[in-house]
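Undergrad: Let me begin by handing over the structure; questions about it come next.
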Amino acid sequence: MLTHTIQLTREQKQSCIPLSIPVTEGTKALRIHFVYSPQWFEGQSAQQMVDERLADYLAELPQPRWLPSALAAYWRNAAAQSDQFVPLRNQLNFSLYDPRNQCWGRWDSPQFFDTWLTVGPESDRGFQSGGITPGTWTLDIETHGIFSPQLDVTVTVEPVFYEGKRRWYAGELHSHSYHSDGELSPQDLMEQAAANGLDFLVLSDHNTTSGWTDYCDPPLLAIPSLELTTFHGHAVLVGINRYIDWRTDIRRGLEAAAAAAQEAGALFVIAHPFVVGEPLCCGCRWEYDTMDLSNVHAVEIWSGSWRRNSLFNWMALQWWEDLLEQGYRLTGVAARDIHQAAQLNGADTANTVVKAWDNNREQVLDAIRRGACCVTQAGTVDMRMQIGQRHAEMGGVLPPADGAGSADEVGTLSVAIEGLPRGGLLEVVADKEIIHSETVDAGDVQREFSLAEPEHFCRVQVVEDTELRQPLMFSNPIFSW
């Protein structure tokens, strides 16, 4: 629980006073209590304020060209009985903003004064509902009117945490309805995705948002999105809340679009970067070689059918690792790029499976943003690295070694696989090199490996023990500092 107590004076009226609210991962909702004292200001000083203001106001009344004289007389009579306007209410409110400065709503004292309100998946009146994103929130106190010489303001914020532990949710990050070049309506697409066991689906028609309202009561989590379809590459803006125009960035890259996605709390995901491109798929290949990738969140490393697209996907995987080595903390994701219903149950396609507290937009996007997800045909893969007192989960960063430890110290990589669909080779990859490989059977697998801290990253994968090395699952990396 966090409590802010501040004192305000009349000189601070008509201002916004920001308070920082740190929100940790695993927070489901925020309970907020806002109170100030005194709520009312009365006495001779209040009466004098009213009298002076009414005198000034009446002096400003226009000559009675259109103003009925009876109306002016009414207000002069009201000014003579100014005690009816006293006591004065000190007028404070607050608005709430998430870590990306998106407004969640506004507190209004007549309905919430000195009572607790809740913001989260089921918010109280005046606030939008949704998942709570970890980070620094801002509670902006609005001082519309301060009439007392001093106000004592107390703001209390109590986090409500998820119970139990995080769960796995499987989803599709790239799909098209008949609002672009897909065959299905958005409603049919979502129903078939749910029937195939998916928990969430990203609706990402080409350069249009028209499908966002063409469904009702979806049977899974629907995430309205947009695929930027340019002359030099495609990118899926996962969870964007408005249309983004790509045309001003045609030649030099999509920095403006990526920055807009970041500002809106959406994800910028590079789609199928190594397809052949023109003339077979005009504009589909990623050609923005000089683009600043600082606002890019993820790369499709398993696009569509692996057997059909194996060359493209192996190239994407290699490029992703090159970017990781360069210091970009990009998440590797899967995407079927659905256009027909049959793609939903392809035998060699993969899901992006996120580890989250709940199946809502904020939790799913946050898990992908942090790399707390894996890419699998079926099942899940997770890992944790421990070196002395330092540790990190999948997607996390190992803290730097201090005086009590050494960067050369040997640690333990713990790998947990559930529901591996077929047996294969479990491989540990550190800094782009396979440093361990062993045969594992289908089902659940628990392993621990001893290894020194990698220079850049480590991850695990399971591939078929064949010449073509068909992948079964990829983890996301654990990064070194």
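Bear in mind these aren't lab numbers, they're just calculated from the coordinates by the rules spelled out. Just so it is clear, the model here is predicted, and its values are computed rather than measured. Note: ideal-geometry Cβ built from the backbone for every residue, glycine included; neighbour counts use all protein chains shown.
Undergrad: Run the lone-cysteine check on the chain: no other Cys C-beta under 4.7 Å from the residue's C-beta.
TA: 16, 103, 216, 282, 373, 374, 458
Undergrad: Shifting gears a bit: Where does each of 366-379, 271-284, 185-198 land if you order them by average Cβ count within 10 Å, highest first?
TA: Ranked by mean Cβ neighbours within 10 Å, highest first: 366-379, 185-198, 271-284.
Undergrad: Hey, another quick one. Taking the Cα atoms of the range 165-367 alone, what are Rg (to one decimal) and Dmax (as a whole number) in Å?
TA: Just the Cα atoms of the range 165-367 yield Rg and Dmax of 15.7, 49 Å.
Undergrad: Would you check the chain for Lys pairs whose C-alpha atoms are within less than 29 Å, ignoring same-chain pairs closer than 8 in sequence, and give me the count?
TA: 4
Undergrad: Contour minus end-to-end for residue 20 and residue 56, with contour as 0.36 nm per residue of separation and end-to-end as the Cα-Cα distance?
TA: Gain on stretching residue 20 to residue 56: 9.0 nm.
Undergrad: When a/c reaches 1.5 or more, the comparison of a/b and b/c decides; with that in mind, is the range 377-481 rounded, prolate or oblate per its Cα gyration tensor?
TA: It comes out prolate by the Cα gyration axes.
Undergrad: Another question, if that's okay. Helix-only mean residue ellipticity at 222 nm, the chain, DSSP H runs n ≥ 4 weighted -39,500 (n - 2.57), per residue, nearest 500. What is it?
TA: When only DSSP H runs of four or more count, the value is -5000 deg cm²/dmol.
Undergrad: Which whole-angstrom value gives the distance between the alpha carbon centres of the range 392-462 and the range 252-294?
TA: Between the Cα centres of the range 392-462 and the range 252-294 lies a distance of 30 Å.
Undergrad: For residue 452, list long-range residues whose amide hydrogen, built 1.01 Å from N in the peptide plane, is under 5 Å from its own amide hydrogen.
TA: Excluding prolines and chain starts, which carry no amide H, the hits are 411.
Undergrad: Tell me, what is the percent relative contact order of the chain, built from C-alpha pairs under 8 Å that lie six or more residues apart?
TA: Relative contact order of the chain: 12 percent.
Undergrad: Another question about this same structure. Express in whole angstrom the spacing between the alpha-carbon centres of the range 304-369 and the range 106-159.
TA: Rounded to whole Å, the Cα centres lie 39 Å apart.
Undergrad: In whole Å, largest first, what are the principal axis extents of the Cα atoms in the range 310-440?
TA: Here the Cα extents, ordered largest to smallest, are 57, 36, 30 Å.
Undergrad: Sticking with this structure for a sec: Using 0.36 nm per residue, how much length does the chain from residue 102 to residue 455 gain when fully extended, once their Cα-Cα distance is taken away?
TA: Result for the pair: 123.4 nm of gain on full extension.
Undergrad: Then there's this: Of all GluC sites (Glu not before Pro) in the range 355-453, which ones are in loop regions per DSSP and have a Cβ with at most 15 other Cβ atoms within 10 Å?
TA: Here the sparse-neighbourhood loop sites are 409.
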